[in-house]
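No lab work stands behind these numbers, since they all come straight from the coordinates. Quick caveat: nothing in here was measured; it's all calculated off a predicted structure. Counting neighbours? That spans all protein chains shown, and the Cβs are built from the backbone with ideal geometry, glycine included.
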Amino acid sequence: MARMRSRLVMIAGLMTGLLAGCQSIPSAPSILIHDRGETARRAADDAVMVYVPDGAFMMGGGSPMTRYARQLCREAAGDLAIAVCGAAAFADESPAHPVELSSYWIDRTEVTNGQYRRCVDGGACTPPTDTGSFTRVQYYGDAGFDAYPVVQVNWGQAEAYCRWAGARLPTEAEWEFAARGPENRLFPWGDKFDSGRLNYCDVSCPGMSDPSYDDGFPDTAPIGSFPMGASWVGALDMAGNVREWVADWYGPYTSEASIDPEGPASGESRIPRGGSWYDTPDDVRSLNRGANVPDYTHPKVGFRCAVDSLAP
């Protein structure tokens with residue numbers, strides 16, 4: 001019995017020593033777990049960002065999606081359909097290919113005139129090439145349009161702004177995933193066009209347009225004016241309002257799977273995504289791709305930013 005009591009005392013002593021030793025081991029840093037669509041503000045420009053969790057999707061599309069795109073195009077183009085709605089117009093969206101992405105944050109809305117002016121005033125950005133918009137003589141610099149998306153900025157100006165804000169332009173894959181999600185939607189809200197969810201080329205728009213609907217805006221709209229058009233992570237205006245520069249050079253797709261792709265290493269054109277107030281339903285689909293020289297500016301082109309992570 002005495003021998004057993006001695007062993008118990010020895011074991012108790014060992015346990016006490018182990019516990020004391022554990023107390024001296026520094027605790028591991030806590031890991032922040034974010035929820036899909038969680039929001040946070042970026043310090044430099046007070047932009048609201050939404051969290052996009054890591055995941056996989058099929059980037060681009062195939063024959064069924066092309067058929068629907070051509071249908072939408074024909075409905076908008078009328079007599080011009082034969083010239084502008086052929087399969088070749090949508091060929092760069094194929095082939096569909098699997099993409100895996102690490103988590104990131106993306107701006108909930110497009111960068112505004114007011115935000116961009118802060119960068120110009122700070123000396124890190126140059127003013128838009130034109131201070132008007134399509135229907136307005138004065139747009140940028142008019143406080144009444146501070147909450148509207150900045151336009152008339154080229155790719156380099158967009159990239160410089162995001163860098164000033166402690167961010168970057170999203171890659172083409174990141175932009176598309178934030179818009180389409182793992183369900184590979186054709187539009188941020190689903191697979192069918194819905195005129196009430198975006199600012200697009202309607203009855204008040206020149207050229208090819210939808211004469212059956214009036215979204216209330218003959219030009220750009222204030223950011224976030226169409227909450228029913230939100231994507232699966234809560235990003236707004238990813239269809240319509242303004243096209244948005246992304247980081248990548250333009251190049252053809254391949255069928256190969258990729259992880260965190262960044263596009264070609266070089267090229268002649270950069271890519272705007274998302275369609276605009278000046279575009280028809282086929283052009284505001286979330287897999288539609290543009291291609292413009294980096295110096296291109298237009299009253300229908302703006303941008304939003306992304307970051308890998310945000311400081312707590």
Self-check item: Ranked by how many other beta carbons lie within 10 Å on average, peptides 256-266, 284-294 from highest
Solution: 284-294, 256-266
Quiz item: Taking the DSSP beta bridges in the chain as the whole, what percent of them are antiparallel, to the nearest 5?
Solution: 80 percent
Practice problem: Calculate the tail of P(r) for region 171-312: the fraction of all Cα-Cα distances greater than 24 Å, expressed in %. | Solution: 30 percent
Practice problem: Using a 10 Å cut-off on Cβ atoms, rank the peptides 105-113, 151-159 from the highest mean neighbour count down. | Solution: 105-113, 151-159
Quiz prompt | Segments 71-80, 223-232, 244-253 sorted - mean Cβ within 10 Å per residue, highest first | solution = 244-253, 223-232, 71-80
Quiz item: Which entry in (1) 185; (2) 172; (3) 129 matches volume of the Cα convex hull per residue in Å³ derived from the coordinates of this structure?
Solution: (1)
Quiz prompt | C-alpha center-to-center spacing [region 104-157, region 39-79] in angstrom | solution = 22 Å
